[in-house]
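Each reported figure results from applying straightforward, stated rules to the coordinates on display, with no laboratory input. What you see is a predicted model, and the numbers here were worked out from it, not measured in a lab. Positions of Cβ are backbone-derived with ideal geometry, glycine not excepted, and every protein chain shown enters the neighbour counts.
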Amino acid sequence: MRIVILGAPGSGKGTQAALLVKELGLTHISSGELLRSAAKAGTELGLKAKSIIDRGELVSDEIMLGLIKERLSRPDIEGGFILDGYPRNIIQAGALDELLNDLNQPVDEALQIDVDVEMAVMRIAKRAAKEGRSDDTEEVARNRMKIYSQQTAPVVDYYANKGVLTRVLGDGTAEEVFQRIRGVLQMRPGS
Ligand code: AP5
């Protein structure tokens, strides 16, 4: 199964993707993690990306597509994957479709996790206190939210128009949200 998981910063995409990986044995591909690893490794691309991430803005479509293309060329995607954080705008959504069509691996399911913005900001603030992620300050988190509503929210309609979108309520515990997602996937044909 090939899943795209969508939602605002702090909606729980990474958390739910990790639970789905455990349950379904999929490969988790997080665009944010790909960028943070490149930054940690100190590559030119990673360092360039870090300053953009730290402002809460989007890394260029070209850089992102290069990273995703490379990741999707590895054999561990054969058993299915979950894409978390990509695509993040309509251009990326079109590029992903093209790439996955070439690989004969189209998206089966797009899951949108809906959350209240203030709850998401609160979750990010909690994580900031624990983990100190550099883009988790309140100012940057609010900019990430703004960019999300301007650029990423339209991607939800993109997948709705393709007939593969399901919206899931993201409040409650991580386990409660996961049970909702399980319910959705069990209702899909062929599951
Ligand atoms: P990315 O790493 O993708 O961050 P994000 O989308 O802002 O998402 P978060 O990781 O903050 O939230 P999440 O929805 O995954 O929630 P999580 O499960 O972590 O991207 C970072 C940056 O990289 C971007 O801003 C951009 O600069 C760049 N980038 C990435 N992809 C890009 C792309 N395609 N194009 C261009 N640039 C790109 O949960 C958040 C917290 O809440 C955690 O502490 C978690 O434990 C907690 N939590 C989760 N679920 C619950 C729950 N149900 N109840 C209580 N707490 C919960």
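Taking the stretch 23-36 only, how many residues are in a strand (DSSP E or B) and near the ligand (Cβ under 8 Å from one of its atoms)?
So the count comes out to 1.
Results for (1) over 22 Å from residue 125 (Cα atoms); (2) within 11 Å of the ligand (Cβ to nearest atom); (3) not in a helix (DSSP H, G or I), shown as yes or no for each residue.
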| residue | (1), (2), (3) |
| --- | --- |
| 11 | no, yes, yes |
| 16 | no, yes, no |
| 21 | yes, no, no |
| 38 | yes, yes, no |
| 47 | yes, no, no |
| 58 | no, yes, yes |
| 66 | yes, no, no |
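Answer yes or no as to whether residue 140 is within 29 Å of residue 69 (Cα to Cα), within 12 Å of the ligand (Cβ to nearest atom) and surrounded by 14 or more Cβ atoms within 10 Å (Cβ to Cβ).
yes
Only one of (1) closer than 30 Å to residue 171 by Cβ; (2) assigned to a helix (DSSP H, G or I) is not met by residue 101, so which one is it?
Only one criterion in (1) closer than 30 Å to residue 171 by Cβ; (2) assigned to a helix (DSSP H, G or I) is unmet by residue 101, namely (1).
Which residues, taken from the stretch 77-95, are out of contact with any Phe, Trp or Tyr (no Cβ under 7 Å at 6 or more places or on another chain), closer than 26 Å to residue 149 by Cβ and either assigned to a loop (DSSP other than H, G, I, E, B) or among the hydrophobic types (A, V, I, L, M, F, W, C) (or both)?
82, 83, 85, 86, 87, 88, 89, 91, 95, listed by residue number.
Out of all the residues in the stretch 166-186, is one or more of a type in the set (Asp, Glu), in contact (Cβ under 8 Å) with a residue 12 or more places away in the chain and under 24 Å from residue 53 (Cα atoms)?
no
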